[in-house]
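The values are calculated or read from the model by the stated rules, or taken from the named source; none is laboratory data. None of these values were measured; they are calculated from a predicted model. Here Cβ is always computed from backbone atoms with ideal geometry, including for glycine, and neighbour counts include all displayed protein chains. Accessible surface is based on the protein model in full, side chains and every heavy atom, while ligands, DNA and RNA are left aside. Shrake-Rupley method; radii C 1.70, N 1.55, O 1.52, S 1.80 Å.
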Amino acid sequence: MMQGSREPLAVVLITGASMGIGRALACAFAGMGHHLLLVARSDETLAELAETLHRKHGVTVFCCPGDLVAHESAQRISDYCLEHVLAVEVLVNCAGLSRASDFKDLAFGELEGIMAVNMSAAVRLTRLFLPGMVEKKKGTIINIASLAGTQGVPGLALYSATKSFLITLSEALHVELQGTGVKVVAVCPGFVDTGFLEKAMHNRRKIRLPVYGSDLVVQAVLRGYRKNRMRVYPTFLDYLLVFLQRFTPRILVVKITDFLAAARERQ
């Protein structure tokens, strides 16, 4: 049978799958019997994870290593799906970059990288795979945003702005796609113990909020996935912090966030 006549294999596409939340979500979806397409920079790490998940759960796991900073990365992933006859049924935009620093001290390369991964890659992947979902009247887009996206965070100014972008994009698409069979969920975790803080040079010992495990984020993702929630929070404290913003002057919200996040060295 020719490749073009094969029935596409439905997969869950997860970016940033080699570590942290992305890796935990890959394990969770594999445990539910979903076939996977994993994207991350580390070829070797992805291959090891794919072998582990296939052996443990019997699912097929494809790997498409690459750096989402590159402008052409999203199209390359789409081309990979065409080549291997894969249909993305669930897209999880999980990859993210951050750097704890005053904005004036960020190098231009860091600025471009954070915006490329946190916004541009997620937008391009969503635009590439959304039409197929709408056509089939079935699909889910899960955007891993952040509690940081609900207000500006001094010391994480650009990161919080990119996550705010992701939240508002998700909310608009959630309503725009009602009646199409396609769900869009924004997940807004607080500080998660994944190694992400260390990579962002954020001193976790100074953070004045709980740092919790990836398992709580996975539970929130699955809750939003199953119930088609527009926005979900891993813990009640996350929800409460956002809810209380309704009754607090905005300048005070940002100053409190500055204190709690302690992302600046002088904190």
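From the set of residues in the stretch 22-66 that are of a type in the set (Val, Ile, Thr) and either part of a loop (DSSP other than H, G, I, E, B) or touching a strand residue (DSSP E or B) at 6+ places or on another chain (Cβ under 6 Å) (or both), which is nearest to LEU216 (Cα to Cα)? Of everything passing the filter in the stretch 22-66, VAL39 is nearest to LEU216 (Cα to Cα). Take the conditions closer than 22 Å to ALA24 by Cα, in contact (Cβ under 8 Å) with a residue 24 or more places away in the chain and among the aromatic types (Phe, Trp, Tyr) and apply them to TYR212. Does it pass? For TYR212, the condition - closer than 22 Å to ALA24 by Cα, in contact (Cβ under 8 Å) with a residue 24 or more places away in the chain and among the aromatic types (Phe, Trp, Tyr) - is not met.
Filtered by the rule that a residue be in a helix (DSSP H, G or I) and open to solvent by 10 Å² or more (accessible area, probe 1.4 Å), the stretch 129-147 gives PHE129, LEU130, PRO131, GLY132, VAL134, GLU135, LYS136, LEU147.
Can you name every residue in the stretch 152-175 that is outside any loop (DSSP other than H, G, I, E, B) and of a type in the set (Val, Ile, Thr)?
Residues satisfying the conditions are THR162, ILE167, THR168, VAL175.
Among residues of the stretch 175-192 that are open to solvent by 30 Å² or more (accessible area, probe 1.4 Å), those with a Cβ under 6 angstrom from a residue that is hydrophobic (A, V, I, L, M, F, W, C) and part of a helix (DSSP H, G or I), sequence gap 6+ or separate chain, pair up as THR180/VAL134. LYS199 - would you say it is open to solvent by less than 30 Å² (accessible area, probe 1.4 Å) and basic (Lys, Arg)? So LYS199 does not fit the description; no. A Cβ distance below 7 Å, combined with a sequence gap of six or more or placement on separate chains, defines the contacts here; from the stretch 146-162, residues that are under 14 Å from GLN245 (Cα atoms) and touching a residue at least 40 places away in the same chain (Cβ under 8 Å) reach residues that are among the small types (Gly, Ala, Ser) and assigned to a loop (DSSP other than H, G, I, E, B) in the pairs LEU147/GLY190; VAL153/ALA263. Inside the stretch 77-111, residues that are assigned to a helix (DSSP H, G or I) and open to solvent by less than 50 Å² (accessible area, probe 1.4 Å) make up a count of 5.
Filter the stretch 236-252 for residues that are exposed (fewer than 10 other Cβ atoms within 10 Å of the Cβ) and either under 18 Å from ILE167 (Cα atoms) or aromatic (Phe, Trp, Tyr) (or both) and give the result. Selection gives PHE236, ARG246, PHE247. Given the structure, is THR126 among the β-branched types (Val, Ile, Thr), open to solvent by less than 30 Å² (accessible area, probe 1.4 Å) and more than 15 Å from the chain's Cα centre (by Cα)? No.
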